[in-house]
Amino acid sequence: MLKLEKISKYYFTGNNVVLALRRINLNFRLGEFVAITGESGSGKSTLLNVLSGLDTYEEGKVYFNGEDISHYSVEELEHYRKDYIGYVFQEYNIINSYTVYQNVELALTVQGLNKEETHKRVLELIEQV
């Protein structure tokens, strides 16, 4: 379902280059549960950002359902994230003044669900959690 082929990511600061990921090869299958562990600064967040299309990389290719998404445009990456990626940030990025219902509703509204579908889905998701 999701495949990384020789992915490398560098960060450039002034005259320094920091290697964050070096030629990573990974395969993730549908329904598979994967835990990514490592020391602070070892590249876990960078890897997740590359997988989700939130960050770029300098070398390699990413495949989703067999399709090379390495050269997706910004708009295509937005659709990829919206339709296929679920991401829970370390900082939850919720709106504190909103209720749980309103926070979930907002995320679904951004996905383009109509009001009736959104209400039903919000209740389903809250029940699951």
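The values are calculated or read from the model by the stated rules, or taken from the named source; none is laboratory data. Values in this document were obtained by computation on a predicted structure and should not be read as measured data. Please note: Cβ atoms are built from the backbone with ideal geometry, for glycine as well, and neighbour counts cover all protein chains shown. For the accessible areas, the whole protein counts, side chains as well, though only heavy atoms, and no ligand, DNA or RNA atoms are used. Shrake-Rupley method; radii C 1.70, N 1.55, O 1.52, S 1.80 Å.
Here the chain has an Rg and Dmax of 17.3, 54 Å, counting Cα atoms alone. The residues of the range 8-84 expose on average 71 square angstrom of accessible surface per residue, using a 1.4 Å probe on protein heavy atoms.
Our note on the geometry: Cα centres of the range 75-101 and the range 1-30, 23 Å apart. Here the Kirkwood formula, the inverse mean of 1/r across different C-alpha pairs, assigns the range 74-129 a hydrodynamic radius of 12.4 Å. Dipole magnitude for the chain: about 380 debye, using +1 per Lys or Arg Cβ and -1 per Asp or Glu Cβ, origin at the Cα centre.
Taking the protein heavy atoms of the chain in the context of the full set of protein chains, the accessible area attributed to carbon and sulfur is 52 percent at 1.4 Å.
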